[in-house]
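See structure below.
What follows draws every value from the coordinates through simple rules; no lab data is involved. Please read all numbers here as calculations on a predicted model, not as lab measurements. Cβ sites come from the backbone with ideal geometry, for glycine too, and all protein chains shown count toward neighbours.
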Amino acid sequence: MEDLTSIKEDLLRDLESAKDLQALAEIKAKYLGKKGLISSLFKRIREIPPEERKSFGQKVNSLKEEAEKLIRERERSIKEQQLQEKLKSEWEDLSLPYDRSLGHLHPITQTLRRIIEIFRSMGFQVEEGPEIELEDYNFDKLNVPKDHPARDMQDTFYVNREGYLLRTHTSPVQIRTLLKGELPVYMVAPGKVYRRDDDPTHSPMFHQVEGLAVDREISFRHMKFVIESFLKEFFEKDLPVRLRSSYFPFTEPSAEVDIGCVICGGKGCRVCKDTGWLEVMGCGMVHPKVLENCGIDSELYQGFAFGMGVERLAMLLYRIDNIKLFYENNLRFLEQF
Ligand code: PHE
């Protein structure tokens, strides 16, 4: 009986000095483990006179239960203490000021929207087409001959399916729109295009905006007016614009559009290669064969089309000399727009 009392006293003392769960586990083993002090009392039951065994057994049992309870309570208080310490050390001041700055549209998206808005104000509607395009729409129906160099693997990304490719320009959207058979058409088609090209002013993926107008009695003069009006609004300047004779299989006649260099004002610089002019888009009267390929009577309808590179226009507008800056997503670059 004396043993029982002293065991309990020892336990209470031990528990009080236990600082963490590790120490507590050792105490638990010391008293309640298989060879623990309390467990071994049960083994000594045979040394007790038979008539006292029952009451001794009961006392040992209740000591065991009490010990378990005391250990549990100590465990709870150690955990609570640890939690309080953690809360104190990991405290965060939620009232501290934080960076509330918002993101914004990417400069290419801003430029695309700027272009589209100008054409929308002139009555053009937005059309879209897929980036994985039919070779038929990207080339054949646009009157691009089978042996045209643009079809070469060196320029075009072909995909693993016969008859499909990554569109090399937004001109196939002309075909998709014309095939719907609703005339007249006044559309612009913005989107990504792909070419095997890679240097400071070319990227394998870039953006174009295509324009197409098909109606009765459309002339070259309409085209020139629309393009000039667009460029003046885009650059917010009364720029000199000139059309230079060129060639595209899907337009006839075709032209390249130049603007007076926005960097040097026409005096000659690195960007305009000392010519004073910058090429900004291709254009022309829709080739009658393209109209016929889409089931349109080219005697009744004419059209003009143009296509421009968005990165190129953005580089000129914002005076950026490397196209890669648009794709690196460096915040110090992007935050300037
Ligand atoms: N599709 C031509 C290109 O990518 C641009 C263009 C479009 C030219 C429409 C004429 C008419 O170079």
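Counting other Cβ atoms within 10 Å as a rough exposure proxy, the listed residues Thr5, Thr201 run Thr5, Thr201 from fewest neighbours to most.
The slack in the chain from His106 to Glu92, taken as 0.36 nm per residue of separation less the alpha-carbon distance, amounts to 1.6 nm.
Note on the stretch 1-61 and the stretch 104-161: Cα centroid distance 86 Å, given to the nearest whole angstrom. DSSP assigns beta bridges within the chain; of those with both partners inside it, close to 95 percent run antiparallel. Using a cutoff of 8 angstrom between alpha carbon atoms and counting only pairs six or more residues apart, the relative contact order for the stretch 2-90 works out to 31 percent. Note: relative contact order over the stretch 103-203, using C-alpha pairs below 8 Å and six or more positions apart, is 34 percent. Counting only other residues whose beta carbon sits under 12 Å from that of Leu239, what net charge do I get with K and R as +1, D and E as -1? Net of charged neighbours comes to -2. Label-to-label distance, Asp274 versus Asp198, with points set 7 angstrom from Cα along the beta-carbon direction: 3.2 nm.
Look at the alpha carbon pairs under 8 Å that are at least 6 residues apart: their mean separation over the length of the chain gives a relative contact order of 14 percent.
A simple spin-label model places the labels of Gln154 and Ser121 4.3 nm from each other, with each point 7 Å out along Cα-to-Cβ.
For Leu300, the shell of other residues with beta-carbons less than 13 Å away shows a net charge of -4, using +1 for Lys and Arg and -1 for Asp and Glu. Remark: spin-label model distance Asp140-Ile45 equals 9.6 nm, labels positioned 7 Å along the Cα→Cβ axis.
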